[in-house]
Amino acid sequence: MGVCNLCLQDRDLVEGHVFPEFLYAELYDPATHKFHQLHTDVSRRNLRRSKGLYERLMCNDCDNRIISGYESHASKVLNGGTEIPIVDEPDRILVGGLDYSNFKLFQISLLWRAVISTMEEFQAAKTTAAHAERMRRMLLTNDPGEPHEYGCVMLLPELFKDVQHGILPPEPIRIAGHWCFRFLAGGFWWLIVVSRHSATFVMRQWFLAADGTLVIGKESASTQFFHELAAHLVKNPTYPAT
């Protein structure tokens, strides 16, 4: 028994992924069935793991009904399983036909689970209690909020394609006066803005739109902070992980 982090009720907690399993699917080396867990701290050793990170965070109803519902739509969008219009342009990919509520809440759930995790790997992913509570209520009540509320920028690594095969847990970064959390999972960079004035964020046009349109950027000169992060990752003496 324990208190479920989502519904806040005393219930039996189930073991579940902090990051959903489908985000690891394309990362495994087919020969070893392991993936890379990366660090930006060059003093810390990168690791090869055979499975994702699990923790008892929620009750069965919240984990397997509410959160899994958001994951189901996102998995079909990112890994195939639903027909959606896609336009591949030189600097971005335009995706349409998404369920705004489900996909937006999936993005929020990734950061929220890292925030509430007690595992050492996710200790950098901490924000204020007010933001954690706001995200919890949005997830529990199926409220995706406005596009800029915990808006997420997604990008495809191109200059450092090797990092696509790794996981980097969320870590904070300050961008143009906004606190954000950046992480690497499922072959994408994710940048979630945790700011009360996120409607003014410089890359807000890349947030998932209320009509279900998503812009997935490609690394370019306009995303220098991702270039620097990727370069830092591959400079770790244990990259790739051993």
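Read-outs: derived from the displayed coordinates by stated rules, not from any lab. Source: prediction; values computed, not measured. When we count neighbours, we look across all protein chains shown, and the Cβ atoms used for this are built from the backbone with ideal geometry, even at glycine.
For segment 49-192, the alpha-carbon radius of gyration amounts to 1.05 times the rule-of-thumb value 2.2 N^0.38 Å expected for a compact globular protein.
In terms of packing, defined here as the mean over residues of other Cβ atoms within 10 angstrom, the peptides 129-137, 67-75 line up highest first as 67-75, 129-137. The packing ranking, built from the mean of other Cβ atoms within 10 Å per residue, places the peptides 170-176, 84-90 in the order 170-176, 84-90, highest first. Computed from the Cβ-Cβ distance with R0 of 35 Å, the FRET efficiency linking Ile93 to Met1 stands at 0.20. Spacing of the modelled spin labels on Asp211 and Glu21, each 7 Å from Cα toward Cβ, amounts to 3.8 nm.
Over the alpha-carbon set of segment 75-125, divide Rg by the Kirkwood Rh and report the Rg/Rh ratio to two decimals. All intermediate terms of the calculation are to be shown ahead of the outcome.
Working: Rg = 14.8 Å, Rh = 13.2 Å.
Across segment 75-125, the Cα-based Rg/Rh ratio is 1.12.
Annotation for Tyr100 and Lys76: the two label points, set 7 Å from Cα along the Cα-Cβ direction, are 1.9 nm apart.
In a DSSP loop and with at most 16 other Cβ atoms within 10 Å, the trypsin sites (Lys or Arg not before Pro) in segment 50-115 are Lys51.
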